[in-house]
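One structure is given here, and the rest of the page talks about it.
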Amino acid sequence: MEDEAVSRGRVLPHSGSLLRMLAGTALVSVLTTGLIAVVTGLLADRLGPAGFGAYMLARRATGVLLPVCTLAMGVAVPRYVAAALQEDRREAYLLGGLLLGVGPCLLVAAIAGGISDASTRLFFQNSGSTVLLYGSLCLLIGTACHTILYGYYRGLGRMGVANAWQLGVFGIAPAAIIFCSPRSASPGEILFLMGGVACLTLGPLARHVWMGARGGSLAHVPEVASELACYGGPRVPGSFAMQSILVLGPFLASRRVGVAEAGYLLAGQVVFQLADVSTSAFGIVMLPRLASLQAQGKSDYLRDLIGLVVGFVVHFGLYLSLHLLVWSRPLILLWLGPQYTDAVAIVRILLIAVIPYTAFVMLRSIIDAVEVRAINTLNLLMALAATAAASALALRTGLGAIGLAGATAAGFWILALLTLLFLWKRLGLPVQHLALGRVLAINAALMVPALVVAPGLESRVGGPALLAGGALTEGGLLLAYCWLMWVLNVRWANEMMTRIAPRWESGSAQPERTCD
């Protein structure tokens, strides 16, 4: 049965059901992020301000170079591997991804290493930091190798193996390096060790390539490499556009408003990182899954599934936007402290922008799965243009940091609307599925108790008591929201109750309906 499924190009659920894959990937994302935070704190203490600054600068330089040097193979490889209808073409896509994703990194490393003094002056303003340069280049190559292997396992549906490599390379190994390496280790030496661990992914990559070569996949490499390049190349500017939307506000604030205000903007942007951690699992798992559905010609099921996801994102995005606005002041003061009262307005605006940002992060994988054209890149460039225009207007009119925060929020709202509009047109989703009239009425009704409780709690209690009271209030309102959506026959709520209700009645889970 397994051979038959592979021959027809189906993605086999090696690591269990879709929900289990989502939960496992989300858990690994949280664990990896936590370990990265711990490692960063330990390095800050060990290396001191100058050494830690050099380390972070090298990591940032590697992060900027990676999407360019890999030609977005982290998205292209899992999509095409999942959609491949023959096993030999899957191995060909792996080899093509290696050539396009790791080859440019080797070329950059060779050029930068050949002119090491000039390269270190360019990136680190110090011609004596050659060890830092070589450590950064090693990390660049190792991360590129990991990107291809991780994408290949994603495409095969082997998320358990993919997650193990992710946690090992970016979480456990760096922590082990910090604890085991001597305190005298330089930033460059630490980066070199981290890159060396990432290069261990060359072992399974070589095994898969060898198996593919024996199976005749080399004959397909020129064709599939062209496909991957045409898909991934136009998506490279998108990563720069996304980073530019985030960086533009703090950059302008530091030069035209003040360093403190720039710090408020950067502090507010932490919520975007938290949103990435909480929602990244969806895109990681769903992109190859949806690409496989499209390759199998299951357009009706695909349209229905995406319609449910879009409805869920819109409805919960509306609810969370309104309720974050109500609770933003006590949340911000509890997070940053009462001395940051001046930052409340700035961070409040950025909190509202979290919802469209999260919607885009979740929905971009759907677009990448069903569309070869770089639609996300086009949308990101338009959102960046809107952010730049709004930022210029904010500075000209004297709105300062608040205006710059508003420009960032406007850019993400435009990005989310463009994303939703494309999916609606591309898939022909019926507008009535959104049930906007009923949903707006429910949200208006549930805003009343939130508006009453939030100021009352803030005036009477603080600290953990305020947090607990707010959590209880919003937990009850959220349950009421889901129940009302089900009562009013909203599609995603009906689907959720269809899966949950049998468990309540029988005490055991029924087999999950899947597309396999």
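The values are calculated or read from the model by the stated rules, or taken from the named source; none is laboratory data. Treat the numbers as computed from the prediction; the structure is a model and nothing was measured. Every residue, glycine as well, gets a Cβ built from its backbone with ideal geometry; the counts of neighbours run over all protein chains shown.
Numerical summary
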{"read-out": "Tally of residues being surrounded by fewer than 18 Cβ atoms within 10 Å (Cβ to Cβ) and assigned to a helix (DSSP H, G or I) across the stretch 428-445", "value": "11"}
{"read-out": "Answer from ARG79, ARG90, ARG60 - the residue that is surrounded by fewer than 17 Cβ atoms within 10 Å (Cβ to Cβ) and assigned to a helix (DSSP H, G or I)", "value": "ARG60"}
{"read-out": "VAL11, sole failed condition from (1) part of a loop (DSSP other than H, G, I, E, B); (2) hydrophobic (A, V, I, L, M, F, W, C); (3) at pLDDT 85 or above", "value": "(3)"}
{"read-out": "Conditions (1) crowded, with 20+ Cβ neighbours inside 10 Å; (2) farther than 19 Å from LEU320 by Cβ; (3) among the aliphatic types (A, V, I, L, M): number failed by LEU395", "value": "(1)"}
{"read-out": "Subset of the stretch 128-151 (residues that are within 18 Å of the chain's Cα centre (by Cα) and among the hydroxyl-bearing types (Ser, Thr, Tyr))", "value": "THR143, THR147, TYR150"}
{"read-out": "Hits in the stretch 379-417 - residues which are free of Cβ contacts under 8 Å to residues at least 40 places away in the same chain, more than 19 Å from LEU351 (Cβ to Cβ) and in a helix (DSSP H, G or I)", "value": "MET382, ALA385, ALA386, ALA389, ALA392, LEU393, ARG396"}
{"read-out": "Residues located in the stretch 18-68, provided they are among the charged types (D, E, K, R) and either at pLDDT 85 or above or within 19 Å of ILE177 (Cα to Cα) (or both)", "value": "ASP45, ARG46, ARG59"}
{"read-out": "Test: residue in the stretch 296-318 that is at pLDDT 80 or above, in a helix (DSSP H, G or I) and over 22 Å from ALA493 (Cα atoms)", "value": "no"}
{"read-out": "Only one of ALA445, ALA450, ALA435 that is in contact with a helix residue (DSSP H, G or I) (Cβ under 6 Å, 6 or more places away or on another chain) and over 20 Å from LEU290 (Cβ atoms)", "value": "ALA450"}
{"read-out": "Search result, residues across the stretch 126-142 that are closer than 12 Å to ALA58 by Cβ and at pLDDT 85 or above", "value": "VAL131, LEU132, LEU133, TYR134, GLY135, SER136, LEU137, CYS138, LEU139, LEU140"}
{"read-out": "Residues being more than 34 Å from the chain's Cα centre (by Cα) and outside any helix (DSSP H, G or I) - total across the stretch 446-469", "value": "1"}
{"read-out": "Test: residue in the stretch 344-362 that is free of Cβ contacts under 8 Å to residues at least 60 places away in the same chain, assigned to a helix (DSSP H, G or I), under 20 Å from the mean Cα position of the chain (by Cα) and over 26 Å from LEU27 (Cβ atoms)", "value": "yes"}
{"read-out": "Test: residue in the stretch 457-468 that is of a type in the set (A, V, I, L, M), in contact (Cβ under 8 Å) with a residue 60 or more places away in the chain and out of contact with any Asp or Glu (no Cβ under 7 Å at 6 or more places or on another chain)", "value": "yes"}
{"read-out": "Extreme residue, surrounded by the most Cβ atoms within 10 Å (Cβ to Cβ), among residues of the stretch 26-57 that are over 21 Å from VAL169 (Cα atoms) and without any contact (Cβ under 8 Å) to a residue 60 or more places away in the chain", "value": "GLY53"}
{"read-out": "Residue in the stretch 288-300 that is among the small types (Gly, Ala, Ser), touching a residue at least 12 places away in the same chain (Cβ under 8 Å) and surrounded by fewer than 18 Cβ atoms within 10 Å (Cβ to Cβ) present", "value": "no"}
{"read-out": "Where HIS220 falls short, out of the listed (1) of a type outside the set (D, E, K, R); (2) at pLDDT below 90; (3) touching a Gly at 6+ places or on another chain (Cβ under 6 Å); (4) not assigned by TED's automatic domain parsing to the domain that holds LEU132", "value": "(3)"}
